[in-house]
Every structure is written in structure tokens, then in C-alpha cells.
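Step one of this worksheet: look at the structure below.
The values are calculated or read from the model by the stated rules, or taken from the named source; none is laboratory data. All figures in this text were calculated on a predicted structure; none of them were measured in a lab. Glycine gets a Cβ as well: all are built from the backbone with ideal geometry, and neighbour counts include every protein chain shown. Please note that ligands, DNA and RNA were not included when accessible areas were found on the heavy atoms of the full protein model with its side chains. Shrake-Rupley method; radii C 1.70, N 1.55, O 1.52, S 1.80 Å.
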Amino acid sequence: MGKYLDPRADLTFKKVFADHKDLMISFLNAMLPLPDDGQVTSIEYLPFELIPTMPLKKDTIVDVRCEDQLKRQFIVEMQMIWTADFFKRVLFNSSKAYVKQLKSGDDYSDLQPVYSLNLINEAFLHDTDEWYHDYGLMEFKYPGHVIEDMHVIFIELPKFKPHSFTEKKMTALWLRFLTEIDGDTKIAPKELLENPETRKALDIVEESAYSDAQMAGYDHFWDMVSVERTLHSSVRREREKGKAEGLAEGLAEGMKQGMKQGLAQGAHDSAM
């Protein structure tokens with residue numbers, strides 16, 4: 001096994017971003033569409049579990065949840081396998097985080113924006129090469145009219161290419177940390193080692209820093225990812241097979257009905 005562990009695993013991702021406020025602050029400022037005068041300067045971690053306000057509704061565990069000095073809410077998730085339902089889960093969690101801000105007697109003006117940052121380890125939008133997707137609430141007829149209280153960001157990690165990236169330096173460095181470091185990495189890229197923040201993150205994901213029990217949990221995580229990916233692939237193949245069989249049956253039935261109607265019409269024409 002290599003010198004480093006993959007930072008996208010549940011254990012390592014939380015070790016880096018849920019245990020070190022300075023790294024979380026750097027990551028948020030690098031990844032989110034924040035104005036220059038609205039950068040995150042301090043955070044407080046919030047419980048990972050978003051408990052619903054209605055009884056019998058499902059709780060949700062997120063990777064990192066925090067609020068900053070302006071009481072803005074931030075939810076960060078690392079998703080290894082893309083599913084269509086993940087969109088709904090993200091909206092559900094974002095809505096819960098927004099609603100939970102308001103306590104009894106509070107005014108609606110106390111509500112602060114919620115930012116949901118979702119890092120996806122699979123490409124899911126196949127009609128574009130863009131890897132950064134910023135969703136919000138806007139007026140369709142006048143796109144410039146935006147409600148700033150909800151930001152949902154999806155980043156397709158496989159599409160990121162550092163050689164074609166010209167935005168903020170820390171954005172590129174953090175994305176390189178997530179896409180270039182894995183269990184086979186023995187020597188980290190020079191640029192990541194030279195930056196204090198990504199260097200600290202690299203130190204955190206060094207294999208030698210983990211106990212045998214933690215390593216067992218780390219390996220179990222990847223086993224579960226492999227099983228889940230296999231299940232999703234099987235479901236996808238069965239769905240595609242069902243569509244193909246349904247199309248074939250539809251065509252066959254259509255041809256059968258067409259021939260029947262053609263014969264009936266021919267017999268009718270002959271009798272005239």
C-alpha cells in the first residue's frame with residue numbers, strides 16, 4: 001500500500017475537513033461562489049445529523065456541517081457513486097438546514113443562506129464538459145433576479161483538469177488533492193507539498209497516522225463502495241434491458257397490428 005490514503009474515503013475526508021477548522025475554511029472559500037467581502041473567516045462545527053422536525057421522518061448524516069461568523073450554514077458531502085436520487089437528498093438536507101435555523105419566536109429575517117457543496121466522484125452530466133454546477137433560486141424570465149438564501153453546488157471530480165483551469169489557485173490545489181492522491185500515491189505533487197494548507201492535509205492522510213482499527217474501517221469503506229457500484233450497475237443494466245425488450249415487444253405488436261389492419265383493408269377493398 002502507498003504512503004497516502006485516499007482523501008475521498010469517509011474516514012480521511014472527515015479527518016481533514018471535519019477535524020481542522022482552518023482547512024475547512026480554506027476549502028469553503030476556494031470552492032464556493034462567495035463575494036470577496038463575504039469570505040469565511042471563522043466556523044463552528046454543527047452536528048452531522050440533520051434531525052427532521054416531523055416525527056417518523058428519516059434522519060440524515062452528512063460529512064461536514066458548519067456555520068460561519070455570519071451564521072451562514074454550510075453542508076459538505078463527498079459522494080462516491082452518483083444516483084438520480086442524490087439530487088433530492090441534497091435538496092432535502094439543504095431545506096432542513098434552512099428551516100432548523102429558526103427557533104420559536106425568531107423572525108424570518110434571522111434566516112441566513114445555506115450553501116450545499118457536493119463533490120461527486122462520477123460524471124453525471126454527459127452533455128457538457130463543465131465540472132462546476134451552481135444551482136440557485138432565480139426568476140426564469142429575469143435570471144438576474146436571484147434569491148440568495150439557497151446555493152446548491154455539484155462538482156464532478158472526474159471532469160476536472162488542472163492544466164485547463166485558470167481560476168483561483170487554492171481551488172485548483174484542493175481539487176488536485178482530491179483527484180490525484182489515492183492509495184497508490186507514494187510521492188505527492190510538488191505544488192501540494194509547497195502549499196501550507198494542502199501540505200497539512202497530506203500529513204493527515206499519511207497511512208502511518210492511522211491505527212489498525214481505522215485501517216480496517218477504511219478498507220471496509222472501499223469494499224462497500226465496490227458492492228454498491230456493482231449493485232447500481234446491475235440495476236442500470238436490467239433497466240436498459242427492460243427498455244430494449246419493451247421496445248422490441250412494442251415494435252412486434254405494432255407490426256402485428258399493422259399487418260392485421262392491412263389485411264382487413266385489403267379484403268375490404270377486394271369486396272368493393
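The simple spin-label model puts a point 7 Å past each Cα toward its Cβ; for ASP107 and LYS169 those points are separated by 4.3 nm. Farthest toward the positive end of the dipole of the range 187-226, out of HIS220, LEU193, VAL205, is the Cα of LEU193, where the dipole comes from beta carbon charges about the Cα centre. Ranked from largest to smallest solvent-accessible area, with a 1.4 Å probe on the protein heavy atoms, ARG176, ARG199 come out as ARG199, ARG176.
At R0 = 22 Å, how high is the FRET efficiency between ASP219 and ASP134 if r is their beta carbon distance? Nearest 0.05 is fine. The value I calculate is 0.05. Dipole magnitude for the range 114-219: about 360 debye, using +1 per Lys or Arg Cβ and -1 per Asp or Glu Cβ, origin at the Cα centre. Farthest towards the positive end of the charge dipole of the range 132-199, among the residues VAL146, TYR132, PRO158, is the Cα of PRO158, using unit charges on the Cβ of Lys, Arg, Asp and Glu.
Across the range 88-169, Cα pairs under 8 Å and at least six residues apart give a relative contact order of 32 percent.
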